[in-house]
Every structure is written in structure tokens, then in C-alpha cells.
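What follows is one structure encoded as C-alpha cells, with my remarks underneath.
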Amino acid sequence: MSLPPLLLLPGMMCDERMYAPQIEALKDIAECQIGHIGGADNMADIAAQVLSDAPEKFSLAGLSMGGIVAMEVVSQAPERVVRLALMDTSPWSEEEDMKAARSPQIEAAHAGQLEQIVREIMVPRYFSSHQSHVQLDELCVDMALTLGKDVFIRQSQALKKRRDQQAILANFNKPCLVLMGTEDKLCPLDRHECMVALLSQVAFVKIHHAGHIPTLEQPAATNAALKQWMVQ
């Protein structure tokens, strides 16, 4: 089976390793490519960069910030996206408490404290179990430190300024998957129920025993959901 290429957009301060289980599981049905989302400080420019490197037609999946960028990609070039998967993400603009929290984090990153931010603020909120944290925390720290403080600052600014994207989803009528870890505290259930209500062709999959990054925490269940979405 050969399907359109699958373009995967990772979460904030994550790279292709966040999708390693999916790339391996799906390689027999579609070429998997990773989009880079750290090159600009606003969503429109990030999405434009993703599109400049993307195939002419592609399936699109994004997790967390990657899902937010994916919605912006759909806004700019809906005719190029043949199907859309949104995972552990939100269609809403940044909430005021998160906006307020980002400014001191940006200042701390400028001051050389990126590792402290990642270890103390970001990674503790990613997974649902102690075992998952033991197995996966250092990978997430390494992904973030590999990308570095400049990417963190640009991504933080882009998230802070992002627009509400509900109208974009309401106008997209191709096969969609909304997927979430049931214990995701960063992007909880109400965000996903909102997206499901807006989309006209959608499957909603809840991954149990998973938090914000089910691609790593529950890869088998995530792979199965993505494969079903891709072949429908």
C-alpha cells in the first residue's frame, strides 16, 4: 500500500524522536517526514516554512504545538492537506495565565536556564505514570537541549501570540482524527471535544494510561489509531 506522504509536526522543543515509534510502524504504508517548527516567532511564518518544505499533497499530523501549526497549515493551504490528525492540542488562542507564565520563562532562557525550565516546568507535565517519567524524561530533556534556547524563545513567542483556530476547523471537510491521552493536563478534554464538534469528518480516540505525549507513552495504541485514520 502506498499512501500520500505523512508529514508529522512535533510538539514544543521536540524533534523527530517524539515520533520514532510512528515512523517505524507506518513506514510500510506511507513515507513519513518531519516538519520543523522552530524557525520563526509566529505561527503564520512557521506554517509557511513547513509548507515550503512539504510535498505537494500530504497527510498531516501534529501534537501539541505541532497541532497548532497544523491548523495554521490548513488555513494557508487546505487543498494540499488530504487528511488531518490533531493530537493533544488546542484550537484556542493562548489563555491569559499561560501568556503571563511565558514571559519569565523567555527571560530565564535568555539567561541560560533552559535546562532548568525543561526539567522543572515542562517535562513533569508530560506523562501519566512514574514509570513513563523514568523511561522518557531524559529523552525529552535531550530533545529540548538539542534544539536550544533560541528555538525555545521563538516557539514561546509564537504560542503566546497564536490566534484562535476554530473557524479553520469548521471549514475543513476531509478525514480527521482527534486523539488525546486521557490524563493530559496540558491540553485537557474540553479542547478536544471542541475540535470534534467543529470537524465534519472526524474520529475521536482517547488513549488510556497516557498524558500529553501518547506517541511515546502508548505508542502501540497511537500507531493503531493513526493507521486507521490513514487508510480510511
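Taking every DSSP bridge with both residues inside the chain, close to 0 percent are antiparallel. Residue-wise HN-Hα couplings along the range 43-54, as the Karplus relation 6.51 cos²θ - 1.76 cosθ + 1.60 with θ = phi - 60° gives them from phi, are 5, 4, 6, 4, 5, 4, 5, 4, 5, 5, 9, 8 Hz; Gly and Pro carry x.
Run the Debye formula on the Cα coordinates of the range 96-153, all scatterers equal and no solvent, and tell me log10 I(q)/I(0) at q = 0.12, 0.15, 0.18, 0.30 1/Å. Per q value, in the given order, log10 I(q)/I(0) is -0.30, -0.46, -0.64, -1.20.
Place +1 on the Cβ of every Lys and Arg and -1 on the Cβ of every Asp and Glu in the chain, take the dipole about the Cα centre, and give the residue among 133, 100, 69 whose Cα lies farthest towards its positive end. It is 69.
Were the residues from residue 189 through residue 161 laid out at 0.36 nm apart, the gain over their Cα-Cα distance would be 7.8 nm. Would you please state which residues of the range 186-222 a label at residue 139 would reach in this model, taking the label point 7 Å out along Cα→Cβ and a backbone N cut-off of under 12 Å? The answer is 213-220, whose backbone nitrogens lie closer than 12 Å to the label point.
To the nearest 20 debye, what charge dipole does the range 96-153 have about its Cα centre, counting +1 at the Cβ of each Lys and Arg and -1 at the Cβ of each Asp and Glu? Don't skip to the end; give the middle numbers.
Values: 5 positive and 9 negative charges, 18 e Å.
It comes to approximately 80 debye.
Within 10 Å, count the other beta carbons around each residue, average over each peptide in 179-188, 103-112, and list them highest first.
Result, highest mean first: 179-188, 103-112.
Here the chain has an Rg and Dmax of 16.3, 50 Å, counting Cα atoms alone. In the structure shown, the pairs 174/206; 185/206; 185/227 are assessed against 22 Å; a Cα-Cα span above that value is assigned to 185/227.
Using the rule -39500 (n - 2.57) for each DSSP H run of four or more residues, divided by the residues of the chain, the 222 nm mean residue ellipticity is -14500 deg cm²/dmol.
Overall shape of the range 1-136 was characterised from the C-alpha gyration tensor. The equivalent ellipsoid obtained from it has semi-axes of 27, 20, 13 Å, in decreasing order.
By the rule of a C-alpha distance below 19 Å, with chain neighbours fewer than 8 residues away ignored, the lysines paired with residue 161 are 99, 149.
Principal semi-axes of the equivalent ellipsoid, √(5λ) from the alpha carbon gyration tensor of the range 62-111, are 28, 11, 10 Å from largest down. Taking the Cα centre of the chain as origin and assigning +1 to Lys and Arg Cβ atoms and -1 to Asp and Glu Cβ atoms, the resulting dipole is close to 440 debye. Taking each residue as 0.36 nm, the span from residue 56 to residue 107 lengthens on full extension beyond its C-alpha to C-alpha distance by 14.5 nm. For residue 89, which sequence-distant residues (separation of 5 or more, or a different chain) have an amide H within less than 5 Å of its own amide H, given hydrogens modelled in the peptide plane? Under 5 Å from the amide H of residue 89: 64.
A short reminder: the numbers here are calculations on the coordinates, not readings from a lab. Since the structure is predicted, the reported quantities are computational estimates derived from the model, not experimental observations. We place every Cβ from the backbone using ideal geometry, glycine too, and count neighbours over all the protein chains shown.
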